[in-house]
Amino acid sequence: MIKEKVCLGFENYVISENGKLYNHTHLFDIVCEYYKVDAKDLVSRSRKPECVIPRHILQYLMRSELNMNYADIGKLFNRRYNTVMYAEKCINIQLTNRFDKKIKNDLLKLKGKLN
């Protein structure tokens, strides 16, 4: 799990229990590898589910794990801050769905890869 959150300059980093530093580029790599998508697909305007779900999860992780603000996340994806807010809302709704555990399991696995 996460040991400490720090901000160095303009970048938010996470220090995990094993002492490794992580930032948004590491989250990009982890999510792209997990879902087998390219980073360019995540920042594209594509509405295909194979791009949208990883994009929403990545934005959610940036917000929850790195404490990044909506505007900074939006800039990384060439989107407005309210689009990031919507992505976070979608993930939160899916996390509360007791019948579909896929998103919850995916998030647990992705957070585990941060350690």
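Values quoted throughout were computed directly from the atomic coordinates according to the rules given, and no laboratory measurement underlies them. What you see is a predicted model, and the numbers here were worked out from it, not measured in a lab. Ideal geometry is used to build each Cβ from the backbone, glycine not excepted, and the neighbour counts take in all protein chains shown.
Summary of computed values
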item: Per DSSP, loop trypsin sites (Lys or Arg not before Pro) in the stretch 13-115 with at most 12 further Cβ within 10 Å; result: LYS36, ARG45, ARG47, ARG98, LYS101
item: Taking N as its residue count, the alpha carbon Rg of the stretch 64-110 over 2.2 N^0.38 Å; result: 1.27
item: Counted charge near SER44, where neighbours are those whose Cβ lies closer than 14 Å (Asp, Glu -1; Lys, Arg +1); result: +3
item: Distance from the stretch 50-70 to the stretch 81-115 (C-alpha centre basis), Å; result: 8
